[in-house]
1. Report the percentage of all Cα-Cα pairs in segment 2-255 whose separation exceeds 28 Å, rounded to a whole percent.
2. Once you have the alpha carbon radius of gyration of segment 398-466, what is it after dividing by 2.2 N^0.38 Å, with N set to its residue count?
3. Label-point separation (nm) for Ala187 and Asp434, each offset 7 Å from Cα along Cα-to-Cβ?
4. Taking amide H positions as placed 1.01 Å from N in the peptide plane, with prolines and chain starts having none, which residues 5 or more places from Asn5, or on another chain, fall under 5 Å of its amide H?
5. Give me the extension gain from Ala306 to Ala106: residue separation times 0.36 nm, minus the current Cα-Cα distance, reported in nm with one decimal.
6. How would Asp457, Asp371 line up from fewest to most surrounding beta-carbon atoms within 10 angstrom?
7. Beyond 21 Å, how much of the Cα-Cα pair distribution for segment 86-236 remains, as a whole percent?
8. Taking only Cα atoms of the chain, what ratio of Rg to Rh do you get with Rh as the Kirkwood inverse-distance radius?
Amino acid sequence: MDVFNTLGRRRQPFQPLQPGRVGIYVCGPTVQARPHVGHGRAAVAFDVVRRYLTWSGYEVVYVQNVTDIEDKIIAAAAAEGADPQVLAKRNAEVFAAAYLRLGVRAPDIEPAATDHIAEMVQLIATLIAAGHAYPAGGDVYYAVRSYDGYGKLSGRRLDDLIAGPRIEPGEHKRDPLDFALWKAAKAGEPSWDSPWGPGRPGWHIECSAMARLYLGHTFDIHAGGADLIFPHHENEIAQSEAATGTPLARYWLHNGMVNLGGEKMAKSTGHVVDLIEALDTYPPQAVRLFYLRTHYRKPLDFTTAALEDSTASLDRLWAFRRRAGDPGSSPAHPATIAAFRSAMDDDFDAAGGLGVLFEAVRIGNRLLDADEDASALVAAYDELADLLGLSEVRGGIDDLAEELGALGARFGVSADAPETVLAGLLAIRAGARDRQDWATADAVRAALADLGLVVEDGTDGPRWHRS
């Protein structure tokens, strides 16, 4: 397995610190607002990395933080007239719900910054004692020039940064390049006690403290969006490695940005597409498939045409699986599995892996057309679709058993299992449409909608999802 390591800008063989075990830290969202579709891309990209490593036999420890205290959160709360921590908690819940709908598995550990203030204070004290940081007027700053390796991740030179646009202002700084580790309390803002007075942590120190607490001083993979390379990840490296004398992460993975009209999506500019709205408009797994059709490191253009095409592609996948039936105990098609592994071993190329899945569907349909055995391809499909998070969700309606039973009785469907009742109702609707009995077809659809089950017609037949 080869991966592209942002640190060094080159491909490298993947060799974890401990054989058979992989530690991953993903920079999670700063929750000053609802998620946009760019957040969904990062979540899906590294969810697939995690799934593939697990499928490959590794024991994976996956840590993804929530930044619930930061300048942007405080500004958003002030604009809304809300408590910053209440606003952060509310938005964090929206993020979690959106990721769940996308099929993103929950992290093994999901630390919130405000639950780890003590670890941040301890790390800052270590940096001060080592001469890499200094208190100034209630703030604490990291002395960038004290660390010789600054710039090794982003490739930026210190002399070029002096006049750069991202120099953090601060009247007590010794050097314009220095950045805040601790910010003195301001009236009306959340604060915590520290040896330097009440205040709150800077953004960069949060991830350094949480990553080393849960994964150790050095771990395998640090991941996040390409927009985090500088200054966030560069600053993480500087403060973490200055404190420990060891590398922070062996491999740095960064996903490309999602663009809208040729411009990067960013909450700071308002140039965004709301992720919840996208998930309400399109099947969530079609949004997931949209992300996977482009290699995770490349930029991705968001268009309605691309989402509609992904929806049609998802229909083709699921139509094959419905048609194929139970593969029984057939082993997965070896050549399909090998081709998928080859794609994913090439820097986690999920787009290439998705191509393998569609090729299996193409050949499988051809075999079914000829009334030949396709069970090995179906078994491979099941394994790979599950790994990519694209398996059709057939269940999830047990809580509607009573309501569906009554609805089934109304239309003459007699069955116990809610899934069977739903299938019968969809069959009645399909028959009514074939007879051009639009009144019955619309009545079934409307009755299901009243239960929160949305029926949509695709080229390969109807599909449903919960509203």
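1. 33
2. Against the empirical 2.2 N^0.38 Å value, I get 1.02 for segment 398-466.
3. About 7.5 nm separates the two model spin labels.
4. Result for Asn5 returns Arg10, Arg11, Gln12.
5. Gain in length upon complete extension: 69.3 nm.
6. The most exposed by this proxy come first: Asp371, Asp457.
7. Here the tail beyond 21 Å accounts for 52 percent of pairs.
8. Checking Rg against Rh, the ratio lands at 1.03.
Computed from the coordinates by the stated procedures, all read-outs in this text should not be read as laboratory data. What you see is a predicted model; the values in this text were computed from it and never measured. Counting neighbours? That spans all protein chains shown, and the Cβs are built from the backbone with ideal geometry, glycine included.
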